[in-house]
1. Only four residue types carry charge here, +1 at the Cβ of Lys and Arg and -1 at the Cβ of Asp and Glu. Report the dipole size of the chain about the Cα centre in Debye, rounded to the nearest 20.
2. Let me have the relative contact order for the chain, percent, based on Cα pairs under 8 Å that are six or more residues apart.
3. Could you state the angle between the C-alpha long axis of helix 9-45 and the longest principal axis of the C-alpha atoms of the chain, as a value from 0 to 90 degrees rounded to the nearest 10?
4. What is the packing order of peptides 51-60, 81-90, taking the mean over residues of other C-beta atoms within 10 Å and listing the highest first?
5. Among S42, S100, A74, pick out the residue whose Cα is farthest towards the positive end of the charge dipole of the chain, where Lys and Arg carry +1 and Asp and Glu carry -1 on C-beta, about the Cα centre.
6. I'd like to compare 111-118, 7-14: which one has the highest average count of other Cβ atoms within 10 Å, and what's the full order after that?
7. Viscosity 1.567 mPa s, temperature 4 °C: Stokes-Einstein D of the chain from its Kirkwood Cα radius, in µm² per second?
8. Dipole magnitude of the range 87-132 about its Cα centre, charges +1 at Lys/Arg Cβ and -1 at Asp/Glu Cβ only, in debye to the nearest 20?
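Throughout, read-outs are computed from the coordinates displayed, never taken from laboratory work. Keep in mind that this is a model prediction, so the values were computed, not measured. Reconstructed Cβ throughout: ideal geometry from the backbone, glycine too, with neighbour counts over all protein chains shown.
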Amino acid sequence: MRKRFWINVPLQLNIVYFVSILLAITAVILFLTVNKSMIQISDKTHQIFLPIETIRRAIQLPYLFSGFICLLAAAVLTLLWSHRFVGPLKVIENALKNLSDGKYDFEIRSRETDALKDIIQLLKKVQEILKSRK
């Protein structure tokens, strides 16, 4: 069992924040969709209390449609956001492969928005040390 769940607090909070925002936006969109459907069916039937089956039929399609749109948007945003992690991991993997093969003269690039830029900076220092010992 893990002794510490918070290893890199700023990074982990960033992930929690991102996922929480996606879930909150999804919940708001679904609530607004259901609420609008309920108002429309109530106005259409001129009744305050409706049978459950009537309500279910009224909200089923809008609920599914807005749920699908939210899921699709969350998938696209997650893909774009995850690039901040996957890209640097690939850079680190390639750099470690080159270093383990004895190749020290290559460029290690990182972007300002990369999540693992501190690790890449440390890897650049290791590369310089190894290059100077060669």
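1. Working: 19 positive and 10 negative charges, 102 e Å.
Using Cβ point charges on Lys, Arg, Asp and Glu, the chain gives about 500 debye.
2. Relative contact order of the chain: 20 percent.
3. Rounded to the nearest ten degrees, it is 20.
4. Top to bottom by mean Cβ count within 10 Å: 81-90, 51-60.
5. S100
6. Values: 111-118: 14.5, 7-14: 10.9.
For the peptides 111-118, 7-14, the packing ranking is 111-118, 7-14.
7. Result for D is 67 µm²/s.
8. In total the dipole reaches around 20 debye.
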